[in-house]
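Heads up: the structure comes next, in structure tokens.
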Amino acid sequence: MASPLKITVSQEQGQVPVTVFYLVGDIDGSSYEELQTQAKSAYEAGTQYLLLDLTKVKYMSSAGLRALHNIFDLLNAKASEEVQKKMKRGILDGSYKSPYLKLLNPSRDVTRTLSTSGFDMFLEIHTNAKTAVASFN
Amino acid sequence: MPLSASLSLVATKKDLTEIRDFIEETGKKFGLDPELIAQVRLAVDEAVANVLEHGYRNQPGWVEVIIQQEQLDLMGYIIDKSMPFDPTQVPPPDLSIPAPLRSPGGMGLTLIKQALDELRYEAPPAGGNRLIMIWQNVFDNSTATNGS
């Protein structure tokens, strides 16, 4: 059964403080804005590093990709011009992975959506929560 | 009898979950492979979301989804009464540009096209839109002849 999106939030301490969103339900055209809004609130409250736990997300549409893209841009907003230029070079040569936004345990269907759109090229995908939190630095 | 199922409703984006459930239940009734059901679900969800967002501009609007067997193929029809618009004519995003350097959004049609074999559009004489999705050779000859 498809289900509306619910988001719970926790703070974890790795090498740096990491905000974790536990997402339950589907990220679709009706729910992606809720994800963006939650991310914006967290960012405004000081979140710099965000892990999205997708373990219980069965379905994500292109609207979910739009949310990920907007959150990626939001978390990069404070980067200096020099860092932005370096990031762009890294994106173009395929070596860049976001240090601020990472994903945990996407399903096979969600992984396919991420790879079809090229999002797996710049977002790290983890399968273990502790390793994921520890990878932020 | 060929297999056929339809759902029509005055929808908003909140109804996308109901539409995906309809696809899932129909796919199981038709005996489709779970992988194919996931592809049909994605294509129909994206197409209906486009109609609701761009056709009806996020206001409630009538949509009909028909899933049916035609010979060996599985067909999906998305019918609506919004302003005529042919999504098959929309140029695809330039995928040679890495995703984070493109504008956010615009991936819906790309996901639809990779999820099916053929996408067609018709403008019904009475107005509105009819989007036709085709998955080829889904059924075997015995099913195509006898139904199930």
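Amide H of A:Ala2 versus every other amide H placed in the peptide plane: which residues, excluding those fewer than 5 positions away on the same chain, fall under 5 Å?
For A:Ala2, the qualifying residues are B:Asp21.
What's the total accessible area buried between chains A and B, using a 1.4 Å probe, rounded to the nearest 100 Å²?
Working: alone 7810 and 8510 Å², together 13890 Å².
That pair hides around 2400 Å² of surface in total.
Cα-based Rg (one decimal) and Dmax (whole number) for chain B, in Å?
Using the Cα atoms of chain B, the pair Rg, Dmax is 15.7, 51 Å.
What is the average number of partner chain Cβ atoms found within 10 Å of a Cβ in A:3-9?
Mean number of neighbouring Cβ atoms from other chains: 1.
Using a 1.4 angstrom probe, figure out how much accessible area the stretch A:6-135 has per residue, in square angstrom, rounded to the nearest whole.
47 Å²
Spelling out what I want: for every residue of the stretch A:75-87, take phi, set θ = phi - 60°, compute 6.51 cos²θ - 1.76 cosθ + 1.60 (Karplus), and round to whole Hz; glycine and proline get x.
6, 8, 4, 8, 5, 5, 4, 5, 5, 5, 5, 5, 4
Once label points are set 7 Å from the Cα along Cα→Cβ at both A:Gln13 and B:Leu101, what is their separation, rounded to one decimal in nm?
Calculated label separation equals 4.1 nm.
Can you give the accessible area of B:Asp33 in Å² (nearest 10), computed on protein heavy atoms with a 1.4 Å probe?
90 Å²
Given springs between every Cα pair under 10 Å in a Gaussian network model of chain A, which of A:Thr113, A:Thr47, A:Thr37 has the largest fluctuation?
Result for chain A, Cα springs under 10 Å: A:Thr37 fluctuates most.
Tell me, what ³J(HN,Hα) does each residue in the stretch B:105-110 have, in order and in whole Hz, if you take phi through Karplus 6.51 cos²θ - 1.76 cosθ + 1.60 with θ = phi - 60° and put x for Gly and Pro?
Per-residue couplings from phi come out as x, x, 9, x, 5, 4 Hz.
What residue among B:Met133, B:Met75, B:Met83 shows peak mean-square fluctuation when chain B is described by a Gaussian network model with Cα springs under 10 Å?
Result: B:Met83 has the largest fluctuation of those listed.
How far apart, in nm, are two points set 7 Å out from the Cα along the Cα-to-Cβ line at A:Gln48 and at B:Glu18?
A separation of 4.7 nm, rounded to one decimal place.
Using helices alone, what [θ] at 222 nm do you get for chain B, with -39,500 (n - 2.57) per DSSP H run of 4 or more residues, divided over all residues and rounded to the nearest 500?
Helix-only estimate at 222 nm: -9500 deg cm²/dmol.
Residue by residue through A:105-117, how many Cβ atoms from other chains fall within 10 Å of the Cβ on average?
Mean partner-chain Cβ count within 10 Å for A:105-117: 3.
If you take every DSSP beta bridge fully contained in the protein assembly as shown, what fraction is antiparallel? Give it as a percent rounded to 5.
70 percent
If you count, for every residue in B:9-19, the Cβ atoms of partner chains within 10 Å of its Cβ, what is the mean?
Mean shielding count: 4.
To the nearest 10 degrees, how steep is helix A:32-44 against the longest Cα principal axis of chain A, on a 0 to 90 scale?
Helix A:32-44 sits at roughly 40 degrees to that axis.
With a 1.4 Å probe and every protein chain kept in, tell me what percent of the accessible surface of the stretch A:5-137 is carbon plus sulfur.
Roughly 51 percent of what the probe reaches on the stretch A:5-137 is carbon or sulfur.
Given Cα positions, please report Rg to Rh for the stretch A:6-135, the hydrodynamic radius being the Kirkwood one. Walk me through the numbers on the way to the answer.
Details: Rg = 13.8 Å, Rh = 14.8 Å.
Here Rg/Rh amounts to 0.93.
Report, by chain and number, residues whose modeled amide H sits under 5 Å from the one on A:Gly118, excluding near sequence neighbours (fewer than 5 apart, same chain).
When sequence neighbours closer than 5 places are left aside, there are no close amide H contacts.
Can you pull the accessible area of A:Glu33 for me, 1.4 Å probe, Å² to the nearest 10?
Rounded to the nearest 10, that gives 100 Å².
For helix B:16-29, report the angle its Cα long axis makes with the longest principal axis of the Cα atoms of chain B; keep it between 0 and 90° and round to the nearest 10°.
Its long axis makes an angle of about 20 degrees.
Distances over 32 Å make up what percent of all Cα-Cα pairs in the protein assembly as shown?
Of the Cα pairs, 30 percent sit more than 32 Å apart.
Cross-chain or 8 or more residues apart, Cα under 21 Å: how many lysine pairs in the stretch A:6-135 fit that? Count them up, please.
So the count works out to 22.
The values are calculated or read from the model by the stated rules, or taken from the named source; none is laboratory data. Because the structure is predicted, anything quoted here is derived from the model rather than measured. Cβ atoms come from the backbone with ideal geometry, glycine included; neighbour counts cover every protein chain shown. Just the protein is used for accessible areas: all its heavy atoms, side chains included, with ligands, DNA and RNA removed. Shrake-Rupley method; radii C 1.70, N 1.55, O 1.52, S 1.80 Å.
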